[in-house]
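One structure is given here, and the rest of the page talks about it.
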Amino acid sequence: MIHKILRGLVLVAFAAGLLACNTVKGVGKDLQKAGEKIEDSAEKHS
């Protein structure tokens, strides 16, 4: 019984880790796009 509970907790922790990784990647892509927009705007006004 304890073994099944422990296995379930490990699976939940693993799934949470995968979701966090995807979230960080998404934030990185958003920041990259924002940086590109700022760079484009700076080039237009130079």
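See the values below:
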| item | result |
| --- | --- |
| Under 26 Å from K33, Cα to Cα: lysines that are on another chain or at least 8 residues apart | K25, K44 |
| Helix axis angle, 2-44 relative to the chain longest principal axis, alpha carbon, degrees | 0 |
| Cα-only Debye scattering, the chain: base-10 log of I(q)/I(0) at q = 0.17, 0.19 Å⁻¹ | -0.63, -0.68 |
| Pairwise label distance in nanometres, Q32 with L11, each label 7 Å out on the Cα-Cβ vector | 3.3 |
| Lysines with Cα under 22 Å of K29, excluding same-chain neighbours fewer than 8 positions away | K37 |
| Positive-end extreme of charge dipole, the chain - chosen from A34, A16, M1 (charges on Cβ) | M1 |
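Each value in this text was obtained by applying a stated rule to the coordinates, not by laboratory testing. As the structure is a prediction and not an experimental result, all values here were calculated from the model. Heads up, the Cβs are rebuilt from the backbone with ideal geometry, glycines too, and the neighbour counts pull from every protein chain shown.
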